Amino acid sequence: MNFKFVVAATILVVAMMLIYQTVEEKVDAAFIVANAVAKTACTCVFVAQRPLEACRQDDPPGFSIARAWVVEPTESDVEAELPGVSTSVMWAVRGRAFYRPDLGCQLE
């Protein structure tokens, strides 16, 4: 077997492992941000009864990467039985918090 081939394959495998670990950490962080924004915005909108735009102005650094919108229940939408806030980070990672009058906001 060619020694250069073994060295190149080993370097490629190590590089792929490092890239995978970095991407996995970024995706995990995006899930955390999406859920944190959903929970914080839900509490601010439904418990504190403030508009979403005013709530988003108080967000800590890093929360601005998540897009948030209020979801009101409709009769035609079976999934949205409860009001809440949905979020997305880069259109791929999503978060959702529901508001229950007796319990407050809970993550999905």
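Things to note:
- Accessible surface of the chain, 1.4 Å probe, proportion on carbon and sulfur as whole %: 64
- Expressed as a fraction of 2.2 N^0.38 Å, the value expected for a compact globular protein of N residues, the C-alpha radius of gyration of the chain is 1.56.
- Using a probe of 1.4 Å, the accessible surface attributed to Ile65 totals some 100 Å² when neighbouring protein chains are kept in position.
- Protein-only accessible surface at a 1.4 angstrom probe places the residues Lys39, Lys26 in the order Lys26, Lys39, largest first.
- In sequence order, calculated HN-Hα J values of region 35-49 (Karplus, 6.51, -1.76, 1.60; Hz; x Gly/Pro): 6, 5, 5, 4, 5, 5, 5, 4, 4, 5, 6, 8, 8, 7, 6
- Solvent-accessible area of Met90 with every protein chain in place, 1.4 Å probe, in Å² to the nearest 10: 140
- Å² of accessible area per residue within the chain, as computed with a 1.4 Å probe and no ligands counted: 72
- Grouping the Cα pair distances of region 20-69 into 5 Å bins from zero gives a pair-distance distribution of 5, 21, 29, 19, 12, 7, 5, 2, 0 percent in increasing distance order.
The values are calculated or read from the model by the stated rules, or taken from the named source; none is laboratory data. Predicted model, so just to flag it, every value in this text is computed and none were measured. Accessible surface areas use protein heavy atoms only, side chains included; no ligands, DNA or RNA. Shrake-Rupley method; radii C 1.70, N 1.55, O 1.52, S 1.80 Å.
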